[in-house]
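Data block below; observations after.
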Amino acid sequence: MSRIKVDALQGTSGSDTAITLNGANATVGGTLAVTGIHTVGTNAVATSDGGAATTSIVQGLAKMWVHFAGSGSQTVGDSFNHASITDDATGRYTVVYTNNMANDDYSGSYDATAVNNNSGEATYIQTYATSSISVKHYENGTNYDAGNNVVTVHGDLA
């Protein structure tokens, strides 16, 4: 097996060191352009805007989201990790995931547009499951199929 040992790599067009190597670590200077599909490990972090803290990239990503029309057939405008939507009853839907969550202790949010602009409008999550989330929209105590519905889930995938 051949091995090349260097401390730094420098491009031919400039004086700045492009890559600095230190043991098993590498530092890339300048802009890193990545093409194709690349896997980011579960330990990947991003530095905060002020540089004082880091946060886990994987933990911060939405694990499922969907935007759909609730009146008539449940037409999906756009989605991620969403498999299907079940119309449970007027104003009630179950969104099924393509890839399950690790448990039912994740965070979810649901929002829908008002149908009759009633003052008693409410949208909320009814149940959390590892494979789906159930939501409800009502106004002044009456369930309504909202035209625009948005569901987002954050947590750990199985």
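The values are calculated or read from the model by the stated rules, or taken from the named source; none is laboratory data. Nothing here was measured: the structure is a model prediction, and the numbers come from that model. Here the Cβ is made from the backbone with ideal geometry for all residues, glycine too, and neighbour counts use every protein chain on show. Quick note on the areas: whole protein, heavy atoms, side chains included, nothing else; ligands and nucleic acids left out. Shrake-Rupley method; radii C 1.70, N 1.55, O 1.52, S 1.80 Å.
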Inset, instruction - Please name whichever of ASN25, GLN74, ALA52 sits farthest to the positive end of the charge dipole of segment 20-122, dipole taken about the Cα centre and charges placed at Cβ: Lys and Arg +1, Asp and Glu -1. - result: ASN25
Inset, instruction - Please work out how much length the chain gains when fully extended from ALA83 to ALA52, using 0.36 nm per residue of separation minus the C-alpha to C-alpha distance, in nm with one decimal. - result: 7.3 nm
Legend entry - Counted charge near ASN99, where neighbours are those whose Cβ lies closer than 13 Å (Asp, Glu -1; Lys, Arg +1): 0
Inset, instruction - Find the accessible area per residue for segment 93-155; the probe is 1.4 Å, ligands and nucleic acids are left out, and the unit is Å². - result: 46
Legend entry - Residue range of the chain that is longest and free of trypsin sites (Lys or Arg not before Pro) which are both DSSP loop and sparsely packed (at most 13 other C-beta within 10 Å): 6-158
Inset, instruction - Can you send over the carbon and sulfur percentage of the accessible area for segment 1-141, probe radius 1.4 Å, protein chains only? - result: 48
Legend entry - Cα gyration tensor shape for segment 26-66, rounded if a/c is under 1.5, else prolate or oblate: oblate
Legend entry - Sites ASN103 and LEU61 - FRET efficiency at Förster radius 25 Å, r taken between beta-carbons, to 0.05: 0.90
Inset, instruction - Quick one: P(r) of the chain from all Cα-Cα pairs, 10 Å bins, percents rounded to integers, in order of increasing distance. - result: 9, 27, 23, 16, 13, 8, 4, 0
Inset, instruction - Taking the Cα centre of the chain as origin, sum charge times position over the Cβ atoms of Lys and Arg (+1) and Asp and Glu (-1), and report the length of that vector in debye to the nearest 20. - result: 560
